[in-house]
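The values are calculated or read from the model by the stated rules, or taken from the named source; none is laboratory data. Remember, predicted model here, so these are calculated numbers, not experimental data. Backbone-built Cβ (ideal geometry, glycine too); neighbour counts: all protein chains shown.
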Amino acid sequence: MLIQLENVVKNYVDDELVTPALRGVSFEIKEGAFVAVTGSSGSGKSTLMHIIGFLDKLTSGEYFFDGENASHFDDDKLAEIRNQKVGFVFQSYNLLPRTSVLDNVLLPTIYTPRLDKKETENRARYLLEKVGLSHRVNHRPNQLSGGEQQRVAIVRALINRPRLILADEPTGNLDSKSGQEVMEVLQDLNEEGHTILMVTHEKYVAECAKRIIDLKDGRVLTDTKVTER
């Protein structure tokens, strides 16, 4: 099992005010799954993704990643996992504006010096070709459409061969056509065996996944296979 959450609670504390974000969330995600997490604003879906992506720590409960208890990870281990085992795709793309598409994709490899530079560059070019951007490798982000920028972000997330891809509202800044193209890329990657966890508030985007976990007030409201919907 790649991800196991057991009664995960997350509270945010401001002075003496405690704001619950997650109230006992439990579920498992197998290798090769494509899961969408949905819910209205304030449901806890972004907090959940931050915990799963090791960007935030839970208050109580247990989180196991690839069989290991995440509470035992020190800062070095967390940094290693974030860089090498988890690939992030954000709504705002987070590309460096003055850097070429190719160098944006290669950015995570800076922190993995043992990689062969030429082999990694060839992989980047291959992945960009797979998402239809081989003709854009030397362009800068401001020369690309929103959909193209998001595809660059997806390739960047893949460059270190992560165990898990986390996509936070990957179509949020896109028109419907570009959004559909991005979802097709994610579906293709999942068919190739990549594990994807995606946060979205769009119903049609969620239904591109194979399983939907719907949150409400920090709890799992429903957990269904898309074919059952």
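Points to keep in mind about this one:
- Among the residues of the stretch 4-30, those identified as β-branched (Val, Ile, Thr) and surrounded by fewer than 15 Cβ atoms within 10 Å (Cβ to Cβ) are Val13, Val18, Thr19.
- Counted as qualifying within the stretch 129-229 are the strands (runs of 3 or more DSSP E) with 2 or more residues that are closer than 30 Å to Leu115 by Cα and within 18 Å of the chain's Cα centre (by Cα), namely 164-168, 195-199.
- Residues in the stretch 114-128 that are within 23 Å of the chain's Cα centre (by Cα) and farther than 18 Å from Glu181 by Cα: Leu115, Thr120, Glu121, Arg123, Ala124, Arg125, Tyr126.
- Count - residues of the stretch 160-201 that are at pLDDT below 95, under 15 Å from Gln84 (Cα atoms) and touching a helix residue (DSSP H, G or I) at 6+ places or on another chain (Cβ under 6 Å): 1
- Residue in the stretch 146-154 that is at pLDDT 95 or above, closer than 26 Å to Ala206 by Cα and of a type in the set (Asp, Glu) present: yes
- From the list Leu95, Leu115, Leu127, the lone residue that is within 25 Å of Asn190 (Cα to Cα) and at pLDDT below 95 is Leu115.
- Of all the residues in the stretch 1-58, those that are without any contact (Cβ under 8 Å) to a residue 12 or more places away in the chain and either part of a strand (DSSP E or B) or in contact with a His (Cβ under 6 Å, 6 or more places away or on another chain) (or both) number 6.
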